[in-house]
């Protein structure tokens, strides 16, 4: 599903340069959940930005279903993100002026799903995350755990091939975080979506299919 080959990234400040990655490689199988761990400042978020095309590598390739995303140009990368990628953030990033249903529907509207299909998909996902009764509520009326469930539903609404999650339980208590991790794992199986989850949580790491550690610019099995 995802293959990273020889990824290199440097940042230059004045006359100094810092190598974040050098010749980094990674692969994700279809529907595989991989936890990415590492010390603060090791480059985990930078790696997510490179995998999603937000940032450009100095060398190497990121292949999503065999397609080199950085060879697409900005319009092509934007289209690919809308069609094939989903994102979950630590602080939910729901749009406060939209209802729960409207938040979930948004990525489908951006890719021109038919209206009837959007309605069915919203209902299906609300049932999947156990929040069918919140359809017309606004994010501020939900608990943190409920908001993160909605954020996950929004992230997978358009059937992405790859989900990138940056500390999805970092803003939640331990019990709520565990339920969110279980939900992510269930959705990966149900939707056949590959997932890369950046985390500091041992619980998240234990529930992943595989754990990799970012260390001195390289990924190693943890």
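For residue 12, only one of the following conditions fails: (1) buried (at least 16 other Cβ atoms within 10 Å of the Cβ); (2) in contact with a strand residue (DSSP E or B) (Cβ under 9 Å, 6 or more places away or on another chain). What is its number?
(1)
Given the options 167, 119, 191, name the one that is within 24 Å of residue 82 (Cα to Cα), free of Cβ contacts under 8 Å to residues at least 24 places away in the same chain and surrounded by 14 or more Cβ atoms within 10 Å (Cβ to Cβ). Even if it seems obvious, please write down each step before you answer.
Numbers: 167 fails: free of Cβ contacts under 8 Å to residues at least 24 places away in the same chain; 191 fails: free of Cβ contacts under 8 Å to residues at least 24 places away in the same chain.
Residue meeting the stated conditions: 119.
When only residues in region 78-88 that are in contact with a helix residue (DSSP H, G or I) (Cβ under 7 Å, 6 or more places away or on another chain) and outside any helix (DSSP H, G or I) count, which is modelled with the lowest pLDDT? Break it down stepwise before answering.
The initial filter retains those residues of region 78-88 that are in contact with a helix residue (DSSP H, G or I) (Cβ under 7 Å, 6 or more places away or on another chain), namely 80, 82, 86-88.
Narrowing further to those that are outside any helix (DSSP H, G or I): 86-88.
Working: 86: 92, 87: 91, 88: 88.
Applying the filter and picking the extreme gives 88.
Please verify whether region 158-168 includes one or more residues that are farther than 24 Å from residue 40 by Cβ, out of contact with any strand residue (DSSP E or B) (no Cβ under 8 Å at 6 or more places or on another chain) and either modelled with pLDDT of 85 or more or in a strand (DSSP E or B) (or both).
First, the residues of region 158-168 that are farther than 24 Å from residue 40 by Cβ: 158-162.
Cutting the leftovers down to out of contact with any strand residue (DSSP E or B) (no Cβ under 8 Å at 6 or more places or on another chain) gives us 159.
Applying the additional criterion that residues be either modelled with pLDDT of 85 or more or in a strand (DSSP E or B) (or both) yields 159.
So far as region 158-168 goes, yes, one or more of its residues are farther than 24 Å from residue 40 by Cβ, out of contact with any strand residue (DSSP E or B) (no Cβ under 8 Å at 6 or more places or on another chain) and either modelled with pLDDT of 85 or more or in a strand (DSSP E or B) (or both).
Taking residue 172 and the conditions (1) more than 19 Å from the chain's Cα centre (by Cα); (2) assigned to a loop (DSSP other than H, G, I, E, B), which numbered condition does it fall short on, given that it satisfies the others?
Exception for residue 172: condition (1).
Under 8 Å between Cβ atoms, at least 6 apart or on separate chains: pull out the pairs that start in region 21-41 with a residue that is farther than 16 Å from residue 164 by Cβ and end on any residue that is modelled with pLDDT of 95 or more and outside any strand (DSSP E or B).
Going by the 8 Å Cβ cut-off, there are no qualifying pairs.
Criterion first (in contact with a strand residue (DSSP E or B) (Cβ under 6 Å, 6 or more places away or on another chain), at pLDDT 90 or above and either within 21 Å of residue 208 (Cβ to Cβ) or in a strand (DSSP E or B) (or both)) does residue 50 satisfy it?
So residue 50 fails the test.
Take the residues in region 173-185 that are crowded, with 21+ Cβ neighbours inside 10 Å and in contact with a helix residue (DSSP H, G or I) (Cβ under 6 Å, 6 or more places away or on another chain), then tell me which one is nearest to residue 204 (Cα to Cα). Spell out how you get there, then give the answer.
Residues of region 173-185 crowded, with 21+ Cβ neighbours inside 10 Å: 177, 180-181, 184.
Still in the running and in contact with a helix residue (DSSP H, G or I) (Cβ under 6 Å, 6 or more places away or on another chain): 180-181.
Details: 180: 9, 181: 6 Å.
Filtering first and then ranking leaves 181.
Step by step: first the residues of region 88-110, then only those that are within 12 Å of the chain's Cα centre (by Cα) and surrounded by fewer than 19 Cβ atoms within 10 Å (Cβ to Cβ), then the one that is nearest to residue 155 (Cα to Cα). Which residue is that?
89
Can you give me the number of residues within region 22-39 that are assigned to a strand (DSSP E or B) and within 20 Å of the chain's Cα centre (by Cα)? Break it down stepwise before answering.
Residues of region 22-39 that are assigned to a strand (DSSP E or B), as a first pass: 22-28, 33-37.
Next, only the ones that are within 20 Å of the chain's Cα centre (by Cα) stay: 24-28, 33-37.
The qualifying residues number 10.
Would you check if residue 42 is over 23 Å from residue 79 (Cα atoms) and either in a strand (DSSP E or B) or within 13 Å of the chain's Cα centre (by Cα) (or both)?
No: the conditions fail for residue 42.
Check 105, 127, 71, 101 and return the single one that is free of Cβ contacts under 8 Å to residues at least 24 places away in the same chain and either over 24 Å from residue 188 (Cβ atoms) or in contact with a helix residue (DSSP H, G or I) (Cβ under 7 Å, 6 or more places away or on another chain) (or both).
It is 71.
If residue 132 passes every condition in (1) out of contact with any strand residue (DSSP E or B) (no Cβ under 9 Å at 6 or more places or on another chain); (2) under 26 Å from residue 47 (Cα atoms); (3) surrounded by fewer than 18 Cβ atoms within 10 Å (Cβ to Cβ) but one, which one does it miss?
Just one mismatch for residue 132, condition (2).
The values are calculated or read from the model by the stated rules, or taken from the named source; none is laboratory data. Keep in mind that what you see is a predicted model, and the values were worked out from it rather than measured. Neighbour counts are summed over all protein chains in view; Cβ atoms, including those assigned to glycine, are modelled from backbone coordinates with ideal geometry.
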